[in-house]
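Report on the structure given below.
The values are calculated or read from the model by the stated rules, or taken from the named source; none is laboratory data. Note that the structure is a prediction, hence the values are computed from the model and not measured. Neighbour counts run over all protein chains shown; Cβ positions are idealised from the backbone, glycine included.
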Amino acid sequence: MSLVLTAGRDLLLYLRDITSEAEVNRMKSEFLSTAAHELRTPLASIFGFAELMLARKMSESQQREVLGTIHRQSQLLINLINELLDLSRIEARQGKDFHRQLCRVGTIVDSTIRGLLIKNDRRQVKLHLPHGAECIMVDPEKTQQALLNVLSNAFKYSPDGGDIALSTVLREGDGDRQVGIRVTDQGMGMTGEQLARVFERFWRADPSGSIPGTGLGMSLVKEIVELQEGRVQIESMPHQGTTVTLWFPLTTDFVLSRPSDMSGQDGPD
């Protein structure tokens, strides 16, 4: 609110609603505070264990154990910083650096599966791609990153095992057709309250810290998919697993010259 005296000796009272600015500032402060805390935790661990090694003489087995902890915390820190930078870039540029092109759904899935590496886990992703030949207009690299995040979560949040399935589905609505890339696990699942927070930054379904992660993965997935006119749908029940579907608009007026090798076929079990 401000009061101005004009040249004609009139008083003008200006009122401006700053609710949105105040909310942005609050969110910014909250984000910086949370980010600082998340960064400080692995840094404190790295510093503490390095200091311990400098101050004490240790056996070779003790040194390896401490170095293993330092390595794990360093990897967590690298992942956290990389995802923060990715999220920041995507939000700032609003998809302007996306290189969208016509891609087959099967090709996106195949490239993502080849890049999937879960340490000490021999489970395979069960594929069923009846709509693998369908085309979507996306940035293949960013879309693979989103799908990889979803698949990684499916493995991480299924610590007791169980199948990980990836399939494709179709739907129609609002005058357009969409294809969904659906990932289903048999893991710990989420309650309705947890499901409501799944896209919050730094939020994790497992607060104990026993499952590694930055809490930024699903935020990245949401940004990437929605900037490509898509939508993320999540269904989950406690102890019954989670299903995540990435929906994308179908491109119907384009025919690829060669048929997809993955069209209408089930993948390996």
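The table for this structure:
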item	result
Any hit, segment 189-206, residues being surrounded by fewer than 17 Cβ atoms within 10 Å (Cβ to Cβ), in the same structural domain as residue 150 (by TED's automatic domain parsing), at pLDDT below 75 and in contact with a Lys or Arg (Cβ under 9 Å, 6 or more places away or on another chain)	yes
Those residues of segment 79-118 which are among the β-branched types (Val, Ile, Thr) and surrounded by fewer than 11 Cβ atoms within 10 Å (Cβ to Cβ), in sequence order	none
Among (1) surrounded by 16 or more Cβ atoms within 10 Å (Cβ to Cβ); (2) modelled with pLDDT of 80 or more, the one test that residue 76 misses	(2)
Hey, residue 261 exposed (fewer than 15 other Cβ atoms within 10 Å of the Cβ), modelled with pLDDT under 85 and within 24 Å of residue 125 (Cα to Cα) or not	yes
Any hit, segment 112-133, residues being within 17 Å of the chain's Cα centre (by Cα) and not in a loop (DSSP other than H, G, I, E, B)	yes
Residues located in segment 78-110, provided they are more than 17 Å from the chain's Cα centre (by Cα) and within 30 Å of residue 131 (Cα to Cα)	96, 97, 99, 100, 101, 102, 103, 104, 105, 106, 107, 110
Residue identified as among the hydroxyl-bearing types (Ser, Thr, Tyr), part of a helix (DSSP H, G or I) and out of contact with any helix residue (DSSP H, G or I) (no Cβ under 9 Å at 6 or more places or on another chain) among 74, 88	88
Criterion (crowded, with 16+ Cβ neighbours inside 10 Å, touching a residue at least 12 places away in the same chain (Cβ under 8 Å) and out of contact with any helix residue (DSSP H, G or I) (no Cβ under 8 Å at 6 or more places or on another chain)) met by exactly one of 217, 180	180
